[in-house]
Amino acid sequence: MINDFGRQRNVIIVGTGLGGVATAIRLLQFAREPVRILLLEKRPEYRHAGSAYHAESNHWHHVFNIQAGRMSAFREDVDDFVNWANHEADRTGWSAEWRDFTFTESGPAPRRIYPDYLADRLAQAAREALPGVTLVEADGEVVDLEVSGERMEVVVENLSLPFGEQATERAVLEADHVILATGLERKYPSFAAGVLDHPAFVRHPYSADGLERILGLPRDAAVAVVGSLLSAYDSATLLLRRGHTGKIHLISRSGLTLRTYPPDHQHRVFQLPPPRLGPYVGQEEFVRSLRREWEQACAIVVRDHPDVSAAVVTERVSKAWEPYLPDIIAGIPSADLRAMLDRYGSLLAVLRVGVMAYTAGTVDAAMVKGGQVEVVAGKVEEIRDAGADALAVLVSGQRSTQRIEADLVISNFGRESNYERADSRLWANLLRKGIACPHRRTGRGVEVDDRGNLVGSAGVPSGPISVVGSPREGDEIVRNGRTGAFTFNLAAIKNHSVEVAATVLCQLESCYDEAATVVDALELTEAFAHATTLDVHRMTARRRDDRQTFGARLDDSLRTIHDITAREGGSPVTDRALRFVISKAAATRLKDLSVTPRDLRAHLGIERR
């Protein structure tokens, strides 16, 4: 069955976690002409959530890894999530701990309420969209894509549309554009191949089954957690807050643990001089030089910003260095770059990301008080059946191999960044056909161009396909200098949603002309800057009537630009060409990472609406 939905313009988004929902919201906000946006989710229970926020997979003790004030779906409105949680959320069914809680910008919030927030903001965007701009949410697993001229054929299994049609085992949908927001891929724990089905092994702690087994554990049971960073802390915190008394081992190669954010922590961006590294001559010299420059940069932050907590000095330096890293990375051979990312990945994560005191305080206290929580540095070689319903974890350290017996082993093995090994039929098919290719420089994620378009094995965009979120990990490293736990970096995902939505609509809507060129000098004029600001206001307006008002004012500004161009003897430029350049400039301003989300609103000149 091929369904073109009556030949209306169609955009299909694959995945309904944060990336998919945020992109749908932006499409609904930005669209000026009729378009149908179809959100497809292969696991209905993960709609608006993904595995990260799914209510049945997250206990009330699982809080965001960052402050509640950084969880807004809109970078230009940093207070939106906190305001929703305090004034709009339906708290029926919330746990007693959070039912009367007042959320703050720097404080914690439980992850399981996030799907309600995303669903609410998505529904609001659909209600306030312009006439003819519609949202459809459906169930089904996208297993393949075919490029058909300028359109896409999307192969979906177990499709269930909300039109009263019967579920279809296999269908082909036609789309003008496809957006892949598939989220993270899980890494296969080869060290546990012999015990994957063992009742004492939890492969997916963020699942209803995994959570049930963790909560059902006797309080004095011995627990081994594979990992020692963010998700490992979640598992340990859940056990400890429920009164667990047994030993908990956190096992990782690095043995690193997380810094705790101070209680009043706010995101800030510092300006620091670039690291002076010289020409690249090899890994050893590069790491030595980088460490020297890093220590000097940290010293500058301590000296010039005495108010900054010692716990976040490295975060400030990591953020300040991001603009410099693309040029530095460009000089590193790919093989060396991959090796260093593998070797220092955990360290980069620890330097860039902290953990909330709500989580860290419980775990850190248990590390000190009697050593109930013990960090074990070493590689997990194998997990095997130890009899009596227990498992044995074999850990090789620098000098010896340690055997740890546990009543429950929780695997927080991490995400699979190599998409050639991902357990995904969709990505396997796209890679096999050359529609997608692994990221060439890093081997992490897939290749995209500077606007998020999927790049195939031929080195050019494969068709009308965009990518949002985790699959762009390698590109974020080399293009934007992002390092560490990129998958958890909501700022990048939210920026992808702005970039992709604006790009897709500039390609589809008749009011834009991407092929036309505009004189560069025009972009420097005050009239152009004013028009860009109006388009920013139009794109970020939540209410339809506000959007239409800004759209009308933008039309007036185009006439002003035409008058100025004619008066100064410039080459005539069409409205469609102007709209394209202005939209691109507006999206760039919305993605500006040189300022914090708190400062972005003032930077953009957006008044409270």
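The values are calculated or read from the model by the stated rules, or taken from the named source; none is laboratory data. Since we're looking at a predicted model, the values are computed, not measured. Neighbour counts run over all protein chains shown; Cβ positions are idealised from the backbone, glycine included. Heavy atoms of the whole protein, side chains included, go into the accessibility calculation; ligands, DNA and RNA do not. Shrake-Rupley method; radii C 1.70, N 1.55, O 1.52, S 1.80 Å.
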Query - Shape box of region 228-296 [Cα atoms, principal axes, largest first, Å] - result: 54, 32, 15
Report summary line: P(r) of region 95-149 over all Cα-Cα pairs, 5 Å bins starting at 0, rounded to whole percent, reads 4, 12, 13, 15, 14, 13, 14, 8, 4, 2, 1, 0
Query raised in the report: For Ser594 and Asp389, what does the FRET efficiency come to when R0 = 41 Å and r is the distance between their Cβ atoms, rounded to the nearest 0.05?
Result: 0.15
**Report entry** Crossing angle, helix 544-567 versus the chain [Cα axis fit, 0-90 degrees, rounded to tens]
**Finding:** 50 degrees
Query raised in the report: Order of 230-240, 390-400 by packing, highest average Cβ count within 10 Å first?
Result: 230-240, 390-400
Query - C-alpha center-to-center spacing [region 562-604, region 242-276] in angstrom - result: 39 Å
Report task. Hey, can you grab everything whose amide H is under 5 Å from the amide H of Leu135? Only 5+ residues off in sequence or another chain; H modelled, so Pro and N-termini drop out. Result -> Ile37
Requested in this report: Please give the peptides 353-363, 338-348 ranked by average Cβ packing (other Cβ atoms within 10 Å per residue), highest first, as a rough proxy for protection.
Outcome: 353-363, 338-348
Report summary line: Computed over region 396-506, the relative contact order (Cα-Cα under 8 Å, seq sep at least six) in percent reads 18 percent
Report summary line: Stretched fully, the stretch from Arg553 through Glu169 gains (0.36 nm per residue minus C-alpha distance, one decimal, in nm) 133.4 nm
Query - For region 403-474 versus region 319-336, the gap between their alpha-carbon centres in whole angstrom - result: 21 Å
Query raised in the report: Given charges of +1 on the Cβ of Lys and Arg and -1 on the Cβ of Asp and Glu, with all other atoms neutral, how large is the dipole of the chain about its Cα centre, in debye to the nearest 20?
Result: 1120 debye
Report summary line: Row for region 1-151, column shape: gyration tensor on C-alpha, a ≥ b ≥ c, rounded if a/c < 1.5 i.e. under 1.5, prolate if a/b over b/c, else oblate; value prolate
Query raised in the report: Packing-wise, with mean Cβ within 10 Å as the measure, how do 540-546, 249-255, 176-182, 35-41 rank, highest first?
Result: 176-182, 35-41, 249-255, 540-546
Query - Greater than 22 Å apart at Cα, pairs in Lys319/Lys494; Lys494/Lys584; Lys187/Lys591 - result: Lys187/Lys591
**Report entry** Radius of gyration and Dmax over the Cα atoms of region 330-412, both given in Å
**Finding:** 17.1, 55
**Report entry** FRET efficiency estimate (nearest 0.05) - Cβ-Cβ, Tyr280 to Glu56, R0 51 angstrom
**Finding:** 0.60
Report task. For Asp342 and Ala299, compute 0.36 nm times the residue count separating them, minus their Cα-Cα distance, and round to one decimal in nm. Result -> 12.8 nm
Query raised in the report: Of the accessible area of region 1-160, with the probe set at 1.4 angstrom, what percent is carbon plus sulfur?
Result: 46 percent
Report summary line: Expressed as a whole-number percentage, the relative contact order of the chain with C-alpha contacts under 8 angstrom and at least six residues apart is 18 percent
Query raised in the report: Going by alpha carbons, how many degrees (0 to 90, nearest 10) lie between the helix axis of 18-30 and the longest principal axis of the chain?
Result: 10 degrees
Report summary line: Heavy-atom accessible area per residue of region 240-285, all protein chains kept, 1.4 Å probe, expressed in Å², is 57 Å²
Report summary line: The percentage of the accessible area of region 416-455 (probe 1.4 Å, all protein chains present) made up of carbon and sulfur atoms, to the nearest whole number, is 40 percent
Requested in this report: Translational diffusion coefficient, Stokes-Einstein: compute it for region 268-407 using the Kirkwood radius over C-alpha pairs as Rh, at 37 °C and 0.692 mPa s, and state it as an integer in µm² s⁻¹.
Outcome: 178 µm²/s
Query raised in the report: Within the chain, what percent of beta bridges assigned by DSSP are antiparallel, to the nearest 5?
Result: 50 percent
Query raised in the report: Spin-label point model (7 Å from Cα, Cβ direction): what's the Ser400 to Gln8 distance in nm?
Result: 6.9 nm
Query raised in the report: Using r as the Cβ-Cβ distance of Glu97 and Gln271, and R0 as 41 Å, what FRET efficiency do you calculate, to the nearest 0.05?
Result: 0.55
Query raised in the report: Given the rule -39500 (n - 2.57) for each run of at least 4 DSSP H residues, summed and divided by the residues of the chain, what is its mean residue ellipticity at 222 nm, to the nearest 500 deg cm²/dmol?
Result: -11500 deg cm²/dmol
Query raised in the report: What number, in percent, do you get for the relative contact order of region 275-337 if the mean sequence gap of Cα pairs under 8 Å and at least 6 apart is divided by its residue count?
Result: 36 percent
**Report entry** Selection from Pro189, Ser160, Ile179, by position along the positive dipole direction of region 130-252 (Cβ)
**Finding:** Pro189
Query raised in the report: Hey, rough spin-label estimate for Glu514 and His530, points 7 angstrom out along Cα→Cβ, what's it come to in nanometres?
Result: 3.0 nm
Report summary line: From the Cα centre of region 129-181 to that of region 52-108, the distance in Å is 32 Å
Report summary line: Here, Gln124 and His204, labelled 7 Å along Cα→Cβ, have an inter-label distance in nm of 3.1 nm
Query raised in the report: Once the Cα gyration tensor of region 113-231 is diagonalised, what are the square roots of 5 times its eigenvalues, in whole Å and ordered largest first, as equivalent ellipsoid semi-axes?
Result: 38, 21, 15
Query raised in the report: In whole Å, what are the Cα extents of the chain along the three principal axes, biggest one first?
Result: 82, 65, 53
